[in-house]
Amino acid sequence: MNKEKVIKQKIEKYLLMPILVSFLLVFMCIGLFFIDKNSAILVSAVVAIVIVIELVVYFVMKAGIVPSLFRFAQEQGQIQKELLKDLLVPYALLDTDGKILWGNNEFVNQIGQGSKKRIRKNISTFFPEIGSEILASDEQVSMDLEFNEVQYNALIKKITFDEVFSDEDDIVEPKGESLIAVYLFDVTELKRYKKENEEQKLVAGLLYIDNYDEVMENTEEVRHSLVDALVDRRINMYLATIDAICKKLEKDKYLFVCQQKYLSQMKETKFALLDEVKSINVGNEIPITLSIGIGADTNNFAEAYEYARIAIGLALGRGGDQAVVKYGENISYFGGKSSGTEKSTRVKARVKAQAFKELLNNKDNVLIMGHKRPDADSFGAAVGVYRLVKTLGKAAHIVLNEATSAIKPVVNGFKGNSVYGDDMIFTSEEAINSVNPNTLVVVVDVNRPSMTECEELLALVKAVVVFDHHRQTNEIIENATLSYIEPYASSACEMVAEMLQYIDEKVKLRPLEADAMYAGIVIDTDNFVTKTGVRTFDAASYLRRCGADVVRVRKMFRSDMGSYKQLAEGVINSETFLNSFAISQVPADKSTEAPTVVAAKVANDLLNVEGVRASFVVTEKDGTVYISARSVDDLNVQVIMEKLGGGGHANIAGAQLKNSTNELAIIEIKEILRTMYEEGDI
């Protein structure tokens, strides 16, 4: 009623306006009498006639104009309401609690199945996704819904309540001062076409045999063709199930193409081909392992192939025997249960050594850094690279911020030593200040930028070299000029020791330097027990010839009584989980500088218990929980630690949890182990 009064007042003002303007003409006529009376009389007569006509129009026609306007407006409103009722898009009005007040014919037919009584419910009865938060939002909300196998795109917006509908509209009494309008757009066909389009995209795949040469070397020559035939058959049979086109590029490399819809099938079976090929046994002493790299979710095949190359690089960098899927920006890993086969050839080490030497020719100074809280392997590898660079006549510095108890016995031998000078070891600040256009940064024992001793250095220099033996993760040092990542190596010190032997200039390690590198191998292999191969002992022999002393190294890493008691307590605290896993914690002791070292020793000791396939030991320091994981057999603890944001080797891995406690970390480990055990991943 208020709106009706306002409209009437506006119409009256509109009709009165000409009359009010006419009074201006009256004043004009009065002024004209002083100029020309005859003209004034004539004009006054005309103005009088106009005023009379306007008064007649106002009083006589007003009664008919206003009702006509209202009838027209009502007719238009009725037409709009009828159109809204017959609108082909389902439309409904809700109150602020979500109760359906009114729905048009299409809404009644699709949601209420033709009955108005069936829609007299809350909207959540039909669409549970529409909750109180969405109903309370003042912004327009768009969301996908489904009802009776029909998919809708819903548009939900709040409107101010007004008496728009008449009684015959059968609208339920609303609650509150506003209404919520819901539009439902049927997108079932559209989504089906989109899905078909996505499924028909081409996926590029690269398949490499990891250890082809090693398998053939350990298989009788007469059986070589049989091994080749069986591997080809298994691969082609598997790819036939996904309707793939396969092309053999080399003796141990394949390229295949399939539709994207088969990707989910491969993921569900966790790439069963990996296990099928390993089961081939026709006299080959070494199981055959594959690496698969797949690129998907791209708009062109060239990009999919590039994604596949990145994926296969990650698979090989993580030790092989696994599949890596790069789906757009997301990367997924499958398999990786075995620890890999050691490569007997040293060709790669020789090639990398020569490439590193050539790279040094145009550099003035070299900054060498390992990972944060460095261990003996990290510092030992840095010392080896330091000696190599110095032999080639270049300035070299090791970036080290803190000498923890894990490496203090080794570092003390270099600090204050007149042979090396005070500039052998730099802090991060000193290293940053020494950077110039011809500076080279060498990263050892780590390939994740966030874990390096000084991440800022990577962005300040043009050339970066990476030497590491850890398996790669999604986080890598991008645009590295030279990258040598060998997951089969026992330690970074082993890799550097091999490279030292392939430099043309004779590199002469000093006994102290040989001790540092030997210590790195000893610590990472747990005294040559874990992850050792022929090349590991060859590297150790080379270091012994350079003057490394076994007794001297052993004395460096003896534990004090406090740490030894912590180790014993860690063993006492251990528990067995799922009859296969040993889990323990090492309480933090202020008197012990590096509880993480003790935790690693406890994890190693627990593997000596019969029936234990893997051990997990947690310890807390400075608000961060450190996890040390160790395994025997074919259990890959790296995959387990990656679920906690960590990484490492198949048999030696770790992780760090910020803002956590030992108890919470153990609960997380148990949940991951239980899930992976139930899914058959371990």
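Filtering the range 425-451 to residues that are farther than 20 Å from Ala492 by Cα and part of a loop (DSSP other than H, G, I, E, B) leaves Thr427, Ser434, Val435, Asn436, Pro437, Asn438. Could you tell me which of the residues Val222, Val231, Val227 is β-branched (Val, Ile, Thr), farther than 14 Å from Ser291 by Cβ and surrounded by 14 or more Cβ atoms within 10 Å (Cβ to Cβ)? After ruling out the rest, the residue left standing is Val227. What are the residues in the range 262-287 that are assigned to a loop (DSSP other than H, G, I, E, B), under 16 Å from Tyr208 (Cβ atoms) and in contact with a Phe, Trp or Tyr (Cβ under 8 Å, 6 or more places away or on another chain), if any? Listed by number, the list holds a single entry, Phe271.
Of the set (1) modelled with pLDDT of 90 or more; (2) over 17 Å from Lys201 (Cα atoms), all apply to Val215 but (1).
Here is the figure for the range 393-448: residues that are farther than 21 Å from Asp375 by Cβ and crowded, with 22+ Cβ neighbours inside 10 Å total 1.
Scanning the range 90-121 for residues that are surrounded by fewer than 15 Cβ atoms within 10 Å (Cβ to Cβ) and closer than 18 Å to Leu145 by Cα gives Asn109, Gln113, Lys121.
For the range 615-647, a tally of residues being in a strand (DSSP E or B), at pLDDT below 85 and crowded, with 22+ Cβ neighbours inside 10 Å returns 1.
Does any residue of the range 411-431 turn out to be under 23 Å from Gly648 (Cβ atoms) and either of a type in the set (A, V, I, L, M) or not assigned by TED's automatic domain parsing to the domain that holds Ile503 (or both)? Let's see the steps before the verdict.
Kept after step one, since they are under 23 Å from Gly648 (Cβ atoms), are these residues of the range 411-431: none.
No, that holds for no residue.
Just to verify a result, which residue in the range 523-537, among those that are assigned to a helix (DSSP H, G or I), out of contact with any Lys or Arg (no Cβ under 8 Å at 6 or more places or on another chain) and touching a residue at least 40 places away in the same chain (Cβ under 8 Å), is nearest to Asn662 (Cα to Cα)?
As a first pass, look at the range 523-537 and keep what is assigned to a helix (DSSP H, G or I): 523-524, 534-537.
Then drop every residue that is not out of contact with any Lys or Arg (no Cβ under 8 Å at 6 or more places or on another chain), which leaves 523, 534, 536-537.
Checking the rest, the ones that are also touching a residue at least 40 places away in the same chain (Cβ under 8 Å) come to 523, 534, 536.
Details: Ile523: 25, Val534: 38, Thr536: 35 Å.
Top of the filtered list is Ile523.
One residue stands out in the range 315-326 among those that are touching a residue at least 60 places away in the same chain (Cβ under 8 Å) and touching a Lys or Arg at 6+ places or on another chain (Cβ under 8 Å): the one that is surrounded by the fewest Cβ atoms within 10 Å (Cβ to Cβ), namely Gly317. Here is the figure for the range 457-471: residues that are within 16 Å of Gly647 (Cα to Cα), touching a residue at least 60 places away in the same chain (Cβ under 8 Å) and part of a strand (DSSP E or B) total 0.
Does Val602 satisfy the criteria of being assigned by TED's automatic domain parsing to the domain that holds Leu635, at pLDDT 85 or above and buried (at least 23 other Cβ atoms within 10 Å of the Cβ)? Judged against the criteria, Val602 is a match.
Checked against (1) within 16 Å of Val325 (Cα to Cα); (2) assigned to a helix (DSSP H, G or I), Leu255 passes all but condition (2). Looking at the structure I just gave you, is Thr427 of a type in the set (Ser, Thr, Tyr) and out of contact with any helix residue (DSSP H, G or I) (no Cβ under 8 Å at 6 or more places or on another chain)? For Thr427, the condition - of a type in the set (Ser, Thr, Tyr) and out of contact with any helix residue (DSSP H, G or I) (no Cβ under 8 Å at 6 or more places or on another chain) - is met. In the range 580-599, the residue that is farthest from Thr619 (Cα to Cα) out of those that are polar (S, T, N, Q) and modelled with pLDDT under 85 is Ser591.
The values are calculated or read from the model by the stated rules, or taken from the named source; none is laboratory data. Model, not experiment: these values are computed from the prediction. Note that we place each Cβ from the backbone using ideal geometry, even for glycine, and neighbour counts take in every protein chain shown.
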